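Student: One structure coming up, written as C-alpha cells, with questions to follow.
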Amino acid sequence: MRSIKIVFPVLALALSQTVASQSSDRAVKTPEQKAKAVTEHMTKRLNLTEDQAGKVYELNLQRARELEPYAKSVKEARAAMNEAHKQSEEKSASDMRGVLTADQFAEWERAKAERQQRMSERRHKSRDANSKRSVKPPVYQE
C-alpha cells in the first residue's frame with residue numbers, strides 16, 4: 001500500500017512532464033526563418049520569379065518582425081498560466097491529502113492520472129484528424 005502512495009504521484013508527475021515536453025519540442029524560429037519558409041512555400045506554389053521572391057521575402061520578413069512581440073507575449077502568458085496551474089494542482093493535492101483517507105487519496109490520484117491520459121489521447125487524436133483534414137491553400141491576390 002505504501003508503494004502505491006509513492007508510485008501514483010510520481011506517475012502523474014511523469015505524465016504531466018511528458019506532455020509538457022512534447023508541447024515545447026517545436027523549435028523557435030527567428031523572423032528571418034519564418035519569412036524564408038513562407039517565401040519558399042509561396043515561390044513553389046505561385047511559381048514566383050527571383051525578383052518577385054526577393055520582394056515577397058522582404059514583405060514576409062517585415063510582417064514576421066511586426067508580429068514577433070505578440071508571439072513572445074503569448075508564450076509568456078502561456079508559461080505563466082502553466083505555472084499557476086501547476087501551483088494550483090500542488091495545493092489541491094495537499095488539501096485533498098488532509099481530507100481524504102490514504103485509500104481515497106490514492107484512488108483520487110489514480111482517477112486524475114486516467115483523466116490526464118484520456119485528455120492526452122483526445123489531443124493526439126484531434127491533432128491527427130486535423131493533419132489529415134483537407135485544407136484549401138490560401139488564395140494570393142495580386
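The values are calculated or read from the model by the stated rules, or taken from the named source; none is laboratory data. Note that the structure is a prediction, hence the values are computed from the model and not measured. Every residue, glycine among them, receives a Cβ derived from its backbone with ideal geometry; neighbour counts consider all protein chains shown.
Student: Looking only at segment 65-75, decide whether some residue is surrounded by 11 or more Cβ atoms within 10 Å (Cβ to Cβ), more than 16 Å from the chain's Cα centre (by Cα) and modelled with pLDDT under 90.
Tutor: So in segment 65-75, the residues surrounded by 11 or more Cβ atoms within 10 Å (Cβ to Cβ) come out as 65, 67-68, 71-72, 75.
With more than 16 Å from the chain's Cα centre (by Cα) added as a condition, the list becomes 65, 67-68.
Imposing the further condition that a residue be modelled with pLDDT under 90 reduces the set to 67-68.
Among the residues of segment 65-75, at least one is surrounded by 11 or more Cβ atoms within 10 Å (Cβ to Cβ), more than 16 Å from the chain's Cα centre (by Cα) and modelled with pLDDT under 90, which makes the answer yes.
Student: Is at least one residue of segment 18-36 over 24 Å from the mean Cα position of the chain (by Cα), surrounded by 11 or more Cβ atoms within 10 Å (Cβ to Cβ), modelled with pLDDT of 90 or more and of a type in the set (V, I, T)?
Tutor: no
Student: State all residues of segment 85-130 that are among the aromatic types (F, W, Y) and without any contact (Cβ under 8 Å) to a residue 60 or more places away in the chain; if no residue qualifies, say none. Step through it out loud before you land on a result.
Tutor: Quick first cut of segment 85-130, residues among the aromatic types (F, W, Y) only: 105, 108.
Scanning segment 85-130 gives a single hit, W108.
Student: Quick check: is even one residue across segment 38-60 surrounded by fewer than 14 Cβ atoms within 10 Å (Cβ to Cβ) and at positive phi?
Tutor: For segment 38-60, residues surrounded by fewer than 14 Cβ atoms within 10 Å (Cβ to Cβ) and at positive phi: present.
Student: So, in segment 79-105, exactly how many residues are over 16 Å from Q116 (Cα atoms) and part of a helix (DSSP H, G or I)? Write out each step before concluding.
Tutor: Taking segment 79-105 as the starting set, the residues that turn out to be over 16 Å from Q116 (Cα atoms) are 79-81, 83-84, 87, 91, 94-105.
Imposing the further condition that a residue be part of a helix (DSSP H, G or I) reduces the set to 79-81, 83-84, 87, 91, 94-99, 102-105.
Residues in segment 79-105 being over 16 Å from Q116 (Cα atoms) and part of a helix (DSSP H, G or I): 17 in total.
Student: With the structure loaded, tell me whether L15 is surrounded by 12 or more Cβ atoms within 10 Å (Cβ to Cβ) and either among the hydroxyl-bearing types (S, T, Y) or at pLDDT below 90 (or both) or whether it fails that test. Working first, answer last.
Tutor: Values: surrounded by 12 or more Cβ atoms within 10 Å (Cβ to Cβ): yes; either among the hydroxyl-bearing types (S, T, Y) or at pLDDT below 90 (or both): yes.
Taking the combined requirement at face value, the residue satisfies it.
Student: Taking segment 44-78 as the region of interest, how many residues are over 19 Å from E32 (Cβ atoms) and assigned to a loop (DSSP other than H, G, I, E, B)?
Tutor: Adding up the residues that qualify gives 2.
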